[in-house]
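Report on the following structure.
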Amino acid sequence: MEITKDIKYIGVNDHDIDLFEGQYPVPNGMSYNSYIIEDERIAILDTVDARFTDLWLDNIKATLKGKAPDYLVVHHMEPDHSANILNFARLYPNAVIVSSAKAFAMMKNFFGTDFADRRICVSDGSTLSLGKHCLSFVTAPMVHWPEVIVSYDSLDKVLFSADAFGKFGALDHEEDWACEARRYYIGIVGKYGVQVQNLLKKATALDIKAICPLHGPALKDNISYYVELYNTWSSYNSEEEGITIAYTSVYGNTKKAVLKLSKLLKARGIEKVSVFDLARCDMTKAVEDAFRYSKLVLATTTYNADIFPFMKEFIHHLTERNFQNRTVALIENGSWAPIAAKTMRSMLEQSKNISFTAQSVKINSALNSESEAQLEALADELCGTACACTKTEQKTTFSCNVCGYVYQGDTLPEDFVCPICKRGAKDFTKNA
């Protein structure tokens, strides 16, 4: 597959995998992307998962037709991209490994060697000339590992973006890019919005004609569309107006309330209402839609003096990915001493810019005239005919100028040390 005249795709498709990273369902498989730049000197960009060693090495040989590569550029050290570094190094003993200092430290852990006698260590501003083609390197810490680099080919104007701009799905399965790219981004990179924003600032200064990620298709048309989506996702703003309803129901009564609310919303003209039974759905899709739409309704039961386990897990998925800038409504059910609404609210209190609707819904075992009236009022408020919301206080944060780590708190301790890059408080900047 040609990306450009000199840049070829040599990656592989994986249709055997069921869960990516052991947790994300991938019914349409995955791709592990690798590329060749052929010039006066030849560079291989990244390797593939260990289960595809022979196929990948065969792809290299078939593309190069007897020529030997000069470099292996390693953008990211997760094993689905780095597993074959040692196999490559053994097959091509004269090739030089190009990567970041942190990546070479990880290679020592993975392979027992950091290739000290055959390596080039790159950082921000480093370049690698291949002849006509020249790769410029940019560090991208915590997008989504600390060692990550991206590179830019100034001749063909191609950005090799590591895991950024990737998606679930094998390349031989055609589907809409945004849906599985969104689910991939939010699940895997979503926690690191500040770091992605830092990378986007660097990327937007480049004239990019194509983006080559480590998963999913090369992106060649309408680059601004993909960049703008990444800007929206990484700034934690909603992508579009709509309402996600996530619920758990033990005996069906909470479900009845949720289905009634969904009908009320659609009757009021809300076209985009997505409903998820958290005990039965692909939870990663529920998380995806919670980040996609502007409003979220959480409905669950009091359970063991807490909330139902699937709802608790769902909220954890949201908060660990820095869920923010949304309107949230709460529906609770309990036959005695209901505390679900209070518990869900407390779990979201550390999230920034969460507006809770003034109207909540309290169900005592089953819907009655009082709780049905509350549902009507909540539907009105969510549709904008009532607009009294209570907002959580915005939290103060500080960002590390070196790696992008975000510290949350009113003040940054003078003796604070970044847990990622080990820099001190003087290297942090207070966020506006």
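Details
- Extreme residue, surrounded by the most Cβ atoms within 10 Å (Cβ to Cβ), among residues of segment 349-364 that are of a type outside the set (Val, Ile, Thr) and assigned to a strand (DSSP E or B): Phe356
- For segment 101-110, the count of residues that are surrounded by fewer than 20 Cβ atoms within 10 Å (Cβ to Cβ), among the small types (Gly, Ala, Ser) and touching a strand residue (DSSP E or B) at 6+ places or on another chain (Cβ under 9 Å) is at least one.
- Any chance Ala95 is open to solvent by 30 Å² or more (accessible area, probe 1.4 Å), at pLDDT 95 or above and either among the small types (Gly, Ala, Ser) or within 24 Å of the chain's Cα centre (by Cα) (or both): no
- Here segment 228-249 is the region considered, the condition is being over 16 Å from Tyr184 (Cβ atoms) and in a helix (DSSP H, G or I), and the residue that is most open to solvent (accessible area, probe 1.4 Å) is Glu228.
- Residue match in segment 292-306 (condition: within 23 Å of Phe20 (Cα to Cα) and either out of contact with any Gly (no Cβ under 6 Å at 6 or more places or on another chain) or of a type in the set (Lys, Arg) (or both)): yes
- Of residues in segment 199-227 being basic (Lys, Arg) and touching an Asp or Glu at 6+ places or on another chain (Cβ under 9 Å), the one least open to solvent (accessible area, probe 1.4 Å): Lys202
- The single condition among (1) open to solvent by 30 Å² or more (accessible area, probe 1.4 Å); (2) in a strand (DSSP E or B) that Gly384 does not satisfy is (2).
- Taken over segment 302-332, the criterion of being at pLDDT 95 or above, among the hydroxyl-bearing types (Ser, Thr, Tyr) and touching a strand residue (DSSP E or B) at 6+ places or on another chain (Cβ under 8 Å) is satisfied by Thr327 alone.
- Looking across segment 61-101, the residues that are among the aromatic types (Phe, Trp, Tyr) and within 13 Å of Asp46 (Cβ to Cβ) come down to Tyr71, Phe88.
- Given (1) touching a helix residue (DSSP H, G or I) at 6+ places or on another chain (Cβ under 7 Å); (2) open to solvent by 20 Å² or more (accessible area, probe 1.4 Å); (3) over 22 Å from Ile97 (Cα atoms), index of the condition Pro141 fails: (3)
- Selection status of Gly169, closer than 28 Å to Gly22 by Cβ and modelled with pLDDT of 95 or more: yes
- Matching residues, segment 247-271, being of a type in the set (Lys, Arg), modelled with pLDDT of 95 or more and in contact with a Ser or Thr (Cβ under 9 Å, 6 or more places away or on another chain): Lys255, Lys256
- Of all residues in segment 324-348, those satisfying the criterion of being open to solvent by 10 Å² or more (accessible area, probe 1.4 Å) and under 19 Å from the mean Cα position of the chain (by Cα) are Gln324, Asn325.
- Reported count of residues in segment 221-241, each being on the phi < 0 side of the Ramachandran plot and touching a residue at least 24 places away in the same chain (Cβ under 8 Å), is 13.
- Selected residue (only one of Leu378, Leu412 is part of a loop (DSSP other than H, G, I, E, B), surrounded by 13 or more Cβ atoms within 10 Å (Cβ to Cβ) and at pLDDT 70 or above): Leu412
The values are calculated or read from the model by the stated rules, or taken from the named source; none is laboratory data. Keep in mind it's a predicted model, so treat the numbers as computed, not measured. Counting neighbours? That spans all protein chains shown, and the Cβs are built from the backbone with ideal geometry, glycine included. These area figures cover heavy atoms from the full protein model, side chains too; ligands, DNA and RNA do not enter into them. Shrake-Rupley method; radii C 1.70, N 1.55, O 1.52, S 1.80 Å.
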